[in-house]
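A quick write-up on the structure given underneath.
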Amino acid sequence: MSTTGAPTSHSPPMAATQSAEGPPESAGPVVSARDLAAAYRASTVWAGATFDVAPGQFVAVLGPNGAGKSTLLRLVLGLLRPAAGSLHVLGGPPRRGNPAIGYVPQRRPIDPDMRLAGAQFVRLGVDGHRWGPGWPGQRADVARRITDAVDAVDAAGYVDHPVGTLSGGELQRLMLAQAIVNNPRLLLLDEPLANLDVRNQVGVATLVSTLARARGLAVLLVAHDVNPLVRLVDRVMYIAKGKVAVGRPDEVITSEHLSSLYGTNVEVLRDGRGRLFVVGLDDEVSHPHAFDRDGDVSDPC
């Protein structure tokens, strides 16, 4: 996914180029949008989004609360129709229940008394919509796929533990395993780093990057904070004030570009560790890239 020139709210189509680790450059886009707009009823959420996401590309979707980041995922999943423009997913119009899409929704609290084992939790990604154990050959195939997915997220050490006893980072890895157990081509992640400590944020972000490259997965990851992601993602999609800007992190997250996007004076600072700080926004939108002095997320929302 790439842009030509400086990113704008009406960014030109992004080419489907890849690193040496990913699929060949001739691979077609997994997600392709042209002048895409999203709306609920008569209210436009954002408009003018033009982009391609190629196999193996890792894209972070950033912006303040209420900007419409999760709305983008709903469009890709076929749960919401475009208000304008065009959107193609895996070569066709978005459709509900596409098995080639793995999806991790925003994590909700799990009852600590839940006794469902991690392996059973991952299995729900294979046959959670069906009753019965399946034929012997099917059972063997499902067991193999579960093992492969668990190994891919490095969760073998606790896959037999009840999910209610797992830490946030451990549970997030099993949610990733559940999402990739059917070998999808596109992975959608809604706030997978929320409510994790900094170490686990970096660990999960690194894991997602590894999965994208190793499996040729196109990834859209919604996040508030770019810092755990900035060295890993190929592109960022920044949604704010009804506009969508796409490009490399060093193209989009700049004082000049964010000032233009928000229509107010915004300053982007970088500390000695390379962490980004956005200064000049209201409190409700300034936290996406803000850390406190101890390096922990200052606003967990």
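Go through segment 193-210 and give me each residue that's over 13 Å from V233 (Cβ atoms) and not β-branched (V, I, T).
A194, N195, L196, D197, R199, N200, Q201, G203, L207
The rows are residues; the columns are (1) without any contact (Cβ under 8 Å) to a residue 40 or more places away in the chain; (2) in contact with a strand residue (DSSP E or B) (Cβ under 7 Å, 6 or more places away or on another chain); (3) within 30 Å of N227 (Cβ to Cβ).
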position: A39; (1), (2), (3): no, yes, no
position: S43; (1), (2), (3): yes, no, no
position: D52; (1), (2), (3): no, yes, yes
position: V61; (1), (2), (3): no, yes, yes
position: V89; (1), (2), (3): no, yes, yes
position: G97; (1), (2), (3): yes, no, no
position: D111; (1), (2), (3): no, no, no
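Looking at G63, is it touching a His at 6+ places or on another chain (Cβ under 9 Å), under 21 Å from A205 (Cβ atoms) and either outside the structural domain of A214 (by TED's automatic domain parsing) or at pLDDT below 95 (or both)?
On the way: touching a His at 6+ places or on another chain (Cβ under 9 Å): yes; under 21 Å from A205 (Cβ atoms): yes; either outside the structural domain of A214 (by TED's automatic domain parsing) or at pLDDT below 95 (or both): yes.
It is true that G63 is touching a His at 6+ places or on another chain (Cβ under 9 Å), under 21 Å from A205 (Cβ atoms) and either outside the structural domain of A214 (by TED's automatic domain parsing) or at pLDDT below 95 (or both).
Out of L187, L193, L176, I need the residue that is within 22 Å of P99 (Cβ to Cβ), surrounded by 23 or more Cβ atoms within 10 Å (Cβ to Cβ) and in contact with a Pro (Cβ under 9 Å, 6 or more places away or on another chain). Which one? Give the steps one after another, and end with the answer.
Numbers: L187 fails: in contact with a Pro (Cβ under 9 Å, 6 or more places away or on another chain); L193 fails: within 22 Å of P99 (Cβ to Cβ).
Exactly one residue qualifies, and that residue is L176.
Please go through segment 215-239 and pick out each residue that is surrounded by fewer than 23 Cβ atoms within 10 Å (Cβ to Cβ), hydrophobic (A, V, I, L, M, F, W, C) and either in contact with a Phe, Trp or Tyr (Cβ under 6 Å, 6 or more places away or on another chain) or modelled with pLDDT under 95 (or both).
V226, V230, listed by residue number.
Scanning for something at pLDDT below 95, over 25 Å from the mean Cα position of the chain (by Cα) and farther than 20 Å from V30 by Cα, does segment 122-131 turn up at least one residue?
yes
Table: residues versus (1) of a type in the set (F, W, Y); (2) more than 18 Å from A194 (Cβ to Cβ); (3) within 13 Å of the chain's Cα centre (by Cα).
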{"position": "L62", "(1), (2), (3)": "no, no, yes"}
{"position": "N65", "(1), (2), (3)": "no, no, no"}
{"position": "T71", "(1), (2), (3)": "no, no, yes"}
{"position": "V76", "(1), (2), (3)": "no, yes, yes"}
{"position": "L79", "(1), (2), (3)": "no, yes, no"}
{"position": "G85", "(1), (2), (3)": "no, yes, no"}
{"position": "H88", "(1), (2), (3)": "no, yes, no"}
{"position": "R95", "(1), (2), (3)": "no, yes, no"}
{"position": "G102", "(1), (2), (3)": "no, yes, yes"}
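Working carefully through the options E251, E256, E284, find the one that is of a type in the set (D, E, K, R), at pLDDT below 90 and not in a loop (DSSP other than H, G, I, E, B).
Details: E251 fails: at pLDDT below 90; E256 fails: at pLDDT below 90.
Of the residues listed, the single one that is of a type in the set (D, E, K, R), at pLDDT below 90 and not in a loop (DSSP other than H, G, I, E, B) is E284.
The values are calculated or read from the model by the stated rules, or taken from the named source; none is laboratory data. What you are looking at is a predicted structure, and each value in this text was computed from that prediction instead of being measured. Cβ: placed from backbone, ideal geometry, glycine included. Neighbour counts: every protein chain shown.
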